[in-house]
Amino acid sequence: MKSNTLTIIKKEFARFFGDRQLLFTSVIMPGLLIYIIYSLMGSGMEKMMTEGQDEMVTLRVANLPPTLEPMVTGLPSTIILQQPVSQEDIDNLKDKDLNEVLVRFPEDFGEMVETYSPQSGVAAPNVEIYYNSANNASSRVYNMLDASLTAYEDQMANRFDINRATPDEETGEVPSFDMASQDDVLGSILSKLIPMLILMMLFSGVMAIAPSSIAGEKERGTIATLLVTPMRRNELALGKVVSLSGIALLSGLSSFIGIVLSLPRMIPADAAGVELGLNYTGADYTVLLLIILATVLIMASAVSLLSALAKDVKNAGTMITPLMLVVMFCGLVPMFQSHVPEGLAAYLIPFYNSIQVMTATFAHEMTWMPVVVTLGANVVYTGVAVWGLTKMFNSEKVMFSK
């Protein structure tokens, strides 16, 4: 009994350790994957926390009292300009690429604070700080200045306010000190979340059907019937890729529609700090549709190639796992970066290019040249994959391997 048990154990160990692919995906890949993802998450979080720290910010201050001059001028990476702050300066802050913070103290601020009594029932002197939360450098300086002034306010027994939202006497409108627009705030949220979800939904659709379409036919033996039919192998390969892409595209579009409809529940207005509204043009949706189609094509062709190399459906799933990890990694990239790449070379990288174009579209930063390069690159890669799949269909060693 014991010898039989030992024989079975040895046999299973020999099968497992003799299969390099199984050994890699079962033993090496989990630890490697955790190390890579956690390292990237740590680096990404560190980058998010330090984003904009080295960028110079112009701090325009009106009526700066002498007592607070050391506090303000001591802020790091700032250029201090003591000058009046006009409404035009405030409106210019709506440009999220402008590294500026505007501070407006009341005239005779020092005397007003000294003579103010909280028990008087009169509104305290108000310090106005205008910034743009969509700009990391501007937001950083605002947070430091707000913290310093809040600490000083506590020492002065709350004798002044910071950014008190007092309605305008004529219009009744409550002023906003954060000049970031609704589009910028909402676009920043969606650009980090939605592209990853779209990519994963598309890949899930491809994964659900592609292995059984090619590796499954090899396993069932029906691939031989297809190969002897009077058709060219490149027609067979193209038919497989296009049909798989079409089915996966339907799955991806269904998922995309579900995501869009669920946005009001996924990102409540209170959490986003804005009134939720999808302000995208027909051109934006056209770009998204074209990128989704091109992405599905390259996904289906890549998975088809791996499925053709596999012996059966189970083996195909094992071989596709590394590709799935690559797709996951590309989907996580927007969460740890603040700007889309400017160089066109980045848009030649499959999957990564699609993510970057979708990120730029949702962030209202889309330009046409990256879109054209991404679409062209993905179509070329799909053509190369179809050519490779044709070669595999022509190889009996690949198609009838056991």
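No lab work stands behind these numbers, since they all come straight from the coordinates. On a predicted model such as this, the values are computed, not experimentally measured, just so you know. With ideal geometry, Cβ positions are generated from the backbone for all residues, glycine too; neighbour counts draw on all protein chains shown.
Cβ-Cβ distance of Ile349 and Ser86, R₀ of 45 Å, FRET efficiency by 1/(1 + (r/R0)^6): the value works out to about 0.50.
As a rough guide to protection, the peptides 149-161, 313-325 ranked by mean Cβ packing within 10 Å, highest first, stand as 313-325, 149-161.
By other beta-carbon atoms within 10 Å, ranking Thr390, Thr361 with the fewest at the front produces Thr390, Thr361. Approximating the spin labels as points 7 Å out from Cα along Cα→Cβ, the Asp108-to-Arg233 distance works out to 9.2 nm. Is the shape of the range 57-162 rounded, prolate or oblate, going by the alpha carbon gyration tensor and its root eigenvalues a ≥ b ≥ c, with a/c under 1.5 for rounded and a/b larger than b/c for prolate? It comes out prolate by the Cα gyration axes.
To the nearest 20 Debye, how big is the dipole of the range 182-399 about its Cα centre, given +1 on the beta carbon of each Lys and Arg and -1 on that of each Asp and Glu?
Charge dipole of the range 182-399: 1020 debye, to the nearest 20.
With both residues required to sit in the range 57-162, DSSP beta bridges show an antiparallel share near 20%. If R0 is taken as 56 Å, the Cβ-Cβ distance between Ala224 and Asp161 corresponds to a FRET efficiency of 0.10.
Normalising the average separation of contacting C-alpha pairs (under 8 angstrom, six or more residues apart) by the number of residues puts the relative contact order of the range 57-162 at 29 percent. Here the simple spin-label model places points 7 Å from the Cα toward Cβ, and for Asp95 and Thr367 these points are separated by 1.6 nm. Taking a ≥ b ≥ c as the square roots of the Cα gyration tensor eigenvalues, with a/c under 1.5 meaning rounded and otherwise prolate when a/b beats b/c, else oblate, which class fits the range 182-399? Since a/c reaches 1.5 and a/b is larger than b/c, the shape of the range 182-399 is classed as prolate.
For the range 182-399, the relative contact order is 37 percent, taking Cα pairs closer than 8 Å that sit 6 or more residues apart in sequence and dividing their mean separation by the residue count. Restricting attention to the range 182-399, the count of lysine pairs at 8 or more positions apart or across chains with alpha carbons under 22 Å apart stands at 12.
How far, in nm, would the chain grow between Ser254 and Glu69 when pulled straight, counting 0.36 nm per residue and subtracting the alpha carbon separation? So the chain would gain 60.8 nm between Ser254 and Glu69.
FRET efficiency for the pair Ala283 and Ala123, taken as 1/(1 + (r/R0)^6) with r the Cβ-Cβ distance and R0 = 51 Å, rounds to 0.60. Once both labels are positioned 7 Å from their Cα atoms along Cα-to-Cβ, the gap between Leu290 and Asn394 label points is 3.3 nm.
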